[in-house]
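These notes concern the structure reproduced below.
The values are calculated or read from the model by the stated rules, or taken from the named source; none is laboratory data. The model shown is predicted, which means the values in this text are computed figures rather than measured ones. Cβ coordinates were reconstructed from backbone atoms using ideal geometry, including for glycine residues, and neighbour counts include every protein chain displayed.
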Amino acid sequence: MIYIACFAISVLCAYLDTRDKKKKQIGIFGWLAILLPAVLAGLRDVSVGTDTAAYVNHFKEMTTQSFTQFISAKAYMEIGFRFLFFIISRFTSNPAWALFAAHLFMMFFVYKSLTENVDVKYTWLGLTIFYLLFFSLSMNTLRQYMASALILWGFKFVREKKLINWLAVVIFAALFHVTSVAAVFIYFLYQLYVIRTDSTGKDGMIRSIRPEKKLVISLCILAGAVLILVFSRQLILLLNEITGKFSVQAKNIYDYFAIDYYDIVSNLLILLPFILFRRSQANENGDCDFYVMVVALCMILYQLDTISYNAGRIVLPFWILIIFAVPTLVSKLNGRKLRAGVTAYYLLVFMWSYYSSYVLNGSGEIWPYTSEILKIG
């Protein structure tokens, strides 16, 4: 229950922090919303999370390293993540502080990104979705979630058509997890689907791709995703040979392919309101089209997990955009009752996803929460 209590209090603090619809600066309630889950993650036992022991051991090794040893050491973890741990190791040998700092880093950029990329009145909704879909996984694949948090924060540059800024964010994120480089394509996908109010010709008419041409392009993109799935075994081996970062996936390629029907159904439930309200005001700038394509791509490419261990993680920089997608859709719907109904629908879908994944199936070994420091468990 401590997870639910922490999430609920954090979301309440986020709601109180963003009651003023024009406010984008983080106030005291916002910082409380950020700190609570970071403290919870920092104080957990090593047994909470399948990868926690690896992070703790890596940090303990750094406490005895000099800067020269740190630079020259051969490690599979990216330099950005390792540097954060190294800095913390100069002040303490307690790994709880390292885990706390890493999650604080992640939560800050997640929260900041929500205040800058969605209607601030729905920051609480985006944060709720993050907790139900992603926070528990971040206690395992921490490096990738730190990188994805940076991608979320940089999404404002995609909306503002600032390609150089976006590339800089992607490169910085890749210092925490190399899979972030896939996020480069988000920029071009967004520009394809979303019509900006400043993209007008001399006659004042909005310029956009004709619907039939956009449909053809969409089908080609989805076909490309299917091809990646078909040739994924060869691609994984090639990427590992080039980068050396996919050794786990390369060594764990399965001999069979089994479709993950649960994931497909979950994604279809998420897509349903976007499809139903596509022709309404909610899609006035093409936002729905963009998010529908993102979810569709993730639905296809997440099947990589059935081919090689955790290969589907490559889609995380795309999939995590769902914390923007749902609040954006809800905020643009006409009528308070309709907005409330769609919000309730999504909360039920995501709560069931959380319960089935983490409570029933024990995904990630994060449930139940135990902490020797807090005397829990």
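Checking each residue in the stretch 71-95 for being loosely packed, with under 12 Cβ neighbours inside 10 Å and in a loop (DSSP other than H, G, I, E, B) picks out LYS74, TYR76, ARG90, PHE91. The residues of the stretch 221-270 that are of a type in the set (A, V, I, L, M) and outside any helix (DSSP H, G or I), listed by number, are ILE253, ALA258, ILE259. Scanning the stretch 311-341 for residues that are over 15 Å from the mean Cα position of the chain (by Cα), over 18 Å from VAL11 (Cβ atoms) and of a type in the set (A, V, I, L, M, F, W, C) gives ALA311, LEU329, LEU333, LEU338.
Of everything in the stretch 100-125 that is in contact with a Phe, Trp or Tyr (Cβ under 7 Å, 6 or more places away or on another chain) and at pLDDT 95 or above, the residue that is nearest to GLU160 (Cα to Cα) is SER113. Count of the stretch 14-47 residues, restricted to those that are crowded, with 21+ Cβ neighbours inside 10 Å and either outside any helix (DSSP H, G or I) or more than 21 Å from the chain's Cα centre (by Cα) (or both), is 3.
Counting only helices (runs of 4 or more DSSP H) wholly contained in the stretch 307-377, the ones carrying 3 or more residues that are surrounded by 13 or more Cβ atoms within 10 Å (Cβ to Cβ) and of a type outside the set (A, V, I, L, M, F, W, C) occupy 322-331, 336-354. Evaluating GLN303 against the criteria (1) part of a loop (DSSP other than H, G, I, E, B); (2) in contact with an Asp or Glu (Cβ under 8 Å, 6 or more places away or on another chain); (3) not hydrophobic (A, V, I, L, M, F, W, C) leaves one unmet condition, (1).
Applying the set (1) under 30 Å from ASN117 (Cβ atoms); (2) surrounded by 18 or more Cβ atoms within 10 Å (Cβ to Cβ) to VAL265 leaves exactly one unmet item: (2).
For the stretch 147-159, check the following and say yes or no: at least one residue is free of Cβ contacts under 8 Å to residues at least 12 places away in the same chain, of a type in the set (Lys, Arg), surrounded by fewer than 20 Cβ atoms within 10 Å (Cβ to Cβ) and more than 19 Å from PHE108 (Cβ to Cβ). No: zero hits. The residue pairs whose first member lies in the stretch 280-303 and is on the phi > 0 side of the Ramachandran plot, whose second member is β-branched (Val, Ile, Thr) and at pLDDT below 95, and whose beta carbons are closer than 7 Å, counting only pairs six or more residues apart or on different chains, are GLY286/VAL194; GLY286/ILE195.
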